[in-house]
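Worksheet: the structure to be examined is printed underneath.
The values are calculated or read from the model by the stated rules, or taken from the named source; none is laboratory data. Just so it is clear, the model here is predicted, and its values are computed rather than measured. Glycine gets a Cβ as well: all are built from the backbone with ideal geometry, and neighbour counts include every protein chain shown. Side chains included, ligands, DNA and RNA excluded: accessible areas come from the protein's heavy atoms. Shrake-Rupley method; radii C 1.70, N 1.55, O 1.52, S 1.80 Å.
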Amino acid sequence: MNSFEYASPRTIAGALEVLDNDSVILAGGTDLLSLMKEGLVAPKRVVNIKEIDELKGINVGEDGSVTIGALVTLEEVLESPDLAELCPSVVEAAAGVRSPQIQSVGTVAGDLCQRPRCWYYRNGFGLTAMKDGKSLARDGDNRYHAILGNDGAALFVNPSSLAPALIALDAKISIVGKSGSREVALADFFQTPSSDQEKEYKLEAGEILTAITIPSPAGKKVATYEIREKQALDWPLTAAAVAIEMNGDQVSAAKVVLGHVAPVPWVSAEAGAALAGKQVTAESAAAAGDAAVKSAKALSKNGFKIQLARVAVKRAVLRAAGMEV
Amino acid sequence: MPKPKQPEQTSSGISRRDFFKSSTVGAVSTALVSGVHGEGSSVEVLGPGEVGIKLNVNGKTRRLRVEPRVTLLDALRSELDVTGAKKVCDRSTCGACTVLLDGKPVYACSVLAVEAQDKQIVTVEGLGTPEKMHPVQKAFVENDAQQCGFCTPGFVVACAAFLEKHPNPDIEDLKKGLGGNLCRCGTYDGIKKAVKQVAAEGGINA
Ligand SMILES: Cc1cc2nc3c(=O)[nH]c(=O)nc-3n(C[C@H](O)[C@H](O)[C@H](O)COP(=O)(O)OP(=O)(O)OC[C@H]3O[C@@H](n4cnc5c(N)ncnc54)[C@H](O)[C@@H]3O)c2cc1C
Ligand code: FES
Ligand code: FES
C-alpha cells in the first residue's frame, strides 16, 4: 500500500473540503483496502466517511419511497423490518454476501462502487485486460466473464449483488460534489468502459454517493435469485432480480435485471416483454428466462453461464409470484 | 471575501488548540497535520507520516505511532505484539484476522488502525485465557475443532460473535453465519459441533 494522508470528516461539507482529485473515499474498506494493497488504487489521501451521520439510516417517506443512506451496512439491510416488508429482493441480495465480517462494515454504496473482480483487472491488466494488443480475457480464462454485452473490449462482470435488485425497483442515487448535487437513475450510473481510461460507473473524483432512493415499491412483487458455485465468500455466478406489477392475475409490467453476466447490471427488456400481459406460470417464467439469454454469447469457457442465467430468471420470476421454484 | 486568518491558526489552517489536542496522543509529534484545504477548515488531515494513536485492545489502552496506511491487523501483530489474529489472505477473504470491533466481527486486515480509535477491540486473547477459557475456546478443545490451528483464533472470535447473535442456531444459521471464515484443513465438522455444544450448554455467558 502506498502511504497516504487520512481525514475523517463529520459532515458532507467537511468531506467535500478535503476530497480532491487525488483522494479516495473509505467506507467499510472491505474492497478499498484490497485495491490499495494491490496498487490498483494509490491515492494521496483517504477520506473516511464513516463518521458522517447524514449518510446513515433507512427512511420510508410519506409517499412510500424508501431511502437508504450510503453508509447503511449490509447487516442493517438484513435486519431492517422496512426493507423486509417493502423490498425483500434487496434483503435477499444482501444475504448473499455470506460473511458476517463483510456484512458488519460493508456498506450499500460500497457494494455499488466496488470494483470488478475480473482476475485480469485485479492483477493489474486494466478493465479491458489487454496485453500486447490482445485481450487476455477473450483468449484466456474467462469462465466467470460476461455472456451479455460482451461485444466490446470490456468482458468483466459487474460485481454488485445489490445493483440488480435496486435497478429492478427503479432506484435512483444521489451524488454530491464540489460543483453541486445530482440525482441519477442507478441503471444509468453504470457504463461499459471502452478503454482503461474509463471506469465502469460514472462518479467523478471527489464525488460522494450519498443515498439510494427506491420509489414506492408498494404492490410490486419482487425477488432475487442467485446461483453460486460455493455458498460462502464468493460472488454469484449469475443472479436475477425481478419486480413485477400485476393487473388482476396478469402481469402489467415486469422489470428483469441480471447480475454478474455483463459489464453492467443487465436490464433485460426482452424478459420483461415476455412476461407482459401473461399470467405467471412455470411456462411464462421459463419463456422470460429464454428471452433473457436470447442475445447472450458465450466466450470460450463460460457457456455454462447462459443456462444458469436462464434458470436464474425463471426462478426469480416464480419466487416473486410466491410459486415454488 | 475570504475571512482573515485567526491569529491562533497555524499556516496549515489548523487551530493551535486542535494541533495540540491531536498531538497529546503520541510523544513529540512531527508533521502530524498537513495540507488542510480551505479557510478555517475544521477537518484534520493526518499523515502521511506516523501519527500517534490510542487503541483499546482487550480492555487496555495502548498508545502507538503508525502511518495512516497501517492496518489494524498489522498494528496489533507488529506494533503491539498481540498476535492471536492471523494474517493469511490480507484481502477480506479468509477470516483468519477476525476481531471484534465494538462487539461486531470484522476483518482486521481491512480496517485501518487510525479508524479503530475510540472503539473496543477484542482479539482471541481477550476472550479467555488457558486457565479461564471462553466457552467457545473450551468447546473447540473438546470437539477437536482445529488441526494446524492457523484459522482457529479467527474462527473462535467469529463463533463467539455468531453465538451472541444466534444463541440457538439451526444448521442454516450456522451455514450462513459462519460463512466468513475458511479452514484449509477442513475442520468444519468439529467447529459446527463446538458451536452446537456451546449453545446446548447455555451459551457464551454460561
Ligand atoms: C470475499 C468477498 C465476497 C464478496 N461477495 C460479494 C457478493 O456476493 N455480492 C456482492 O455484491 N458483493 C460481494 N462482496 C463485496 C462486498 O459486498 C463489498 O466489498 C462491500 O459491500 C463494499 O462496501 P465497503 O463499505 O466496504 O466499501 P469500501 O471498500 O470502503 O469502498 C469500495 C469502493 O467504493 C467507493 N465508495 C464507497 N462508498 C462510497 C460513497 N458513499 N461514495 C462514493 N464512493 C464510495 C470507495 O471509494 C471504493 O472505491 C464480497 C467481498 C468479499 C471480500
Ligand atoms: S487475513 Fe484478513 S480476511 Fe484473510
Ligand atoms: S485448522 Fe488448519 S486452517 Fe483451519
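For the stretch A:304-316, name all the residues that are surrounded by 14 or more Cβ atoms within 10 Å (Cβ to Cβ) and either closer than 17 Å to residue A:145 by Cα or not assigned by TED's automatic domain parsing to the domain that holds residue A:271 (or both). A:305, A:306, A:307, A:308, A:309, A:310, A:312, listed by residue number.
Taken over the stretch B:90-122, the criterion of being closer than 25 Å to residue A:25 by Cβ, surrounded by fewer than 18 Cβ atoms within 10 Å (Cβ to Cβ) and modelled with pLDDT of 95 or more is satisfied by B:91, B:102, B:117, B:119.
Restricting attention to strands (runs of 3 or more DSSP E) lying wholly within the stretch B:68-135, give those where 3 or more residues are within 12 Å of ligand 2 (Cβ to nearest atom). Even if it seems obvious, please write down each step before you answer.
Values: elements: B:98-101, B:104-107, B:120-122.
Result: B:104-107.
To keep it simple, each residue is scored yes or no on (1) within 11 Å of another protein chain (Cβ to nearest Cβ); (2) in contact with a Phe, Trp or Tyr (Cβ under 8 Å, 6 or more places away or on another chain).
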{"residue": "A:10", "(1), (2)": "yes, no"}
{"residue": "A:21", "(1), (2)": "no, no"}
{"residue": "A:35", "(1), (2)": "yes, no"}
{"residue": "A:43", "(1), (2)": "yes, yes"}
{"residue": "A:51", "(1), (2)": "yes, no"}
{"residue": "A:57", "(1), (2)": "no, no"}
{"residue": "A:67", "(1), (2)": "no, no"}
{"residue": "A:82", "(1), (2)": "no, no"}
{"residue": "A:90", "(1), (2)": "no, no"}
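Looking only at the stretch A:92-109, residues that are hydrophobic (A, V, I, L, M, F, W, C) and either touching a strand residue (DSSP E or B) at 6+ places or on another chain (Cβ under 7 Å) or away from chain B (no Cβ under 13 Å) (or both) come to 4 in all.
Of all residue pairs spaced 6 or more apart or on separate chains, those with beta-carbon atoms under 7 Å, a first member in the stretch A:229-248 that is farther than 19 Å from residue A:306 by Cα and within 14 Å of chain B (Cβ to nearest Cβ) and a second member that is open to solvent by 10 Å² or more (accessible area, probe 1.4 Å) and at pLDDT below 95 are A:231/A:98; A:231/B:175; A:232/A:98; A:233/A:98.
Does the stretch B:105-116 include one or more residues that are over 23 Å from residue A:8 (Cα atoms), within 14 Å of ligand 1 (Cβ to nearest atom), of a type in the set (Val, Ile, Thr) and not assigned by TED's automatic domain parsing to the domain that holds residue B:190? Taking every residue of the stretch B:105-116 in turn, none turns out to be over 23 Å from residue A:8 (Cα atoms), within 14 Å of ligand 1 (Cβ to nearest atom), of a type in the set (Val, Ile, Thr) and not assigned by TED's automatic domain parsing to the domain that holds residue B:190.
For the stretch B:148-165, filtered to residues that are away from every other protein chain (no Cβ under 13 Å) and touching a Lys or Arg at 6+ places or on another chain (Cβ under 9 Å), the residue that is farthest from ligand 3 (Cβ to nearest atom) is B:153. Residue count for the stretch A:120-129 satisfying the condition of being out of contact with any helix residue (DSSP H, G or I) (no Cβ under 7 Å at 6 or more places or on another chain) and away from chain B (no Cβ under 13 Å): 4. Could you check the stretch A:100-135 and list, in sequence order, the residues that are farther than 25 Å from residue A:211 by Cβ, touching an Asp or Glu at 6+ places or on another chain (Cβ under 7 Å) and polar (S, T, N, Q)? A:128, the sole residue that qualifies. Restricted to the stretch A:93-105, and to residues there that are surrounded by fewer than 24 Cβ atoms within 10 Å (Cβ to Cβ) and of a type outside the set (A, V, I, L, M), the residue that is farthest from ligand 3 (Cβ to nearest atom) is A:96. Of all the residues in the stretch A:21-49, those that are more than 20 Å from residue A:159 (Cα to Cα) and more than 21 Å from the chain's Cα centre (by Cα) number 10. Criterion applied to B:201, B:172, B:131, B:125 was being open to solvent by 80 Å² or more (accessible area, probe 1.4 Å) and touching a residue at least 24 places away in the same chain (Cβ under 8 Å), and the one residue passing it is B:201. Of the candidates A:224, A:192, the single residue that is touching a residue at least 24 places away in the same chain (Cβ under 8 Å), part of a loop (DSSP other than H, G, I, E, B) and under 22 Å from residue A:270 (Cα atoms) is A:192.
Among residues belonging to the stretch B:166-199 that are in a helix (DSSP H, G or I) and within 16 Å of ligand 3 (Cβ to nearest atom), point out the one that is nearest to the other protein chains (Cβ to nearest Cβ). Even if it seems obvious, please write down each step before you answer.
Here is the first cut: in the stretch B:166-199, the residues in a helix (DSSP H, G or I) are B:171-177, B:188-199.
Filter once more, so that each one left must be within 16 Å of ligand 3 (Cβ to nearest atom): B:188-195.
Working: B:188: 10, B:189: 15, B:190: 17, B:191: 13, B:192: 13, B:193: 18, B:194: 17, B:195: 13 Å.
In this case the residue turns out to be B:188.
When you scan the stretch B:147-165, how many residues do you find that are assigned to a loop (DSSP other than H, G, I, E, B) and touching a residue at least 24 places away in the same chain (Cβ under 8 Å)? Qualifying residue count for the region: 4.
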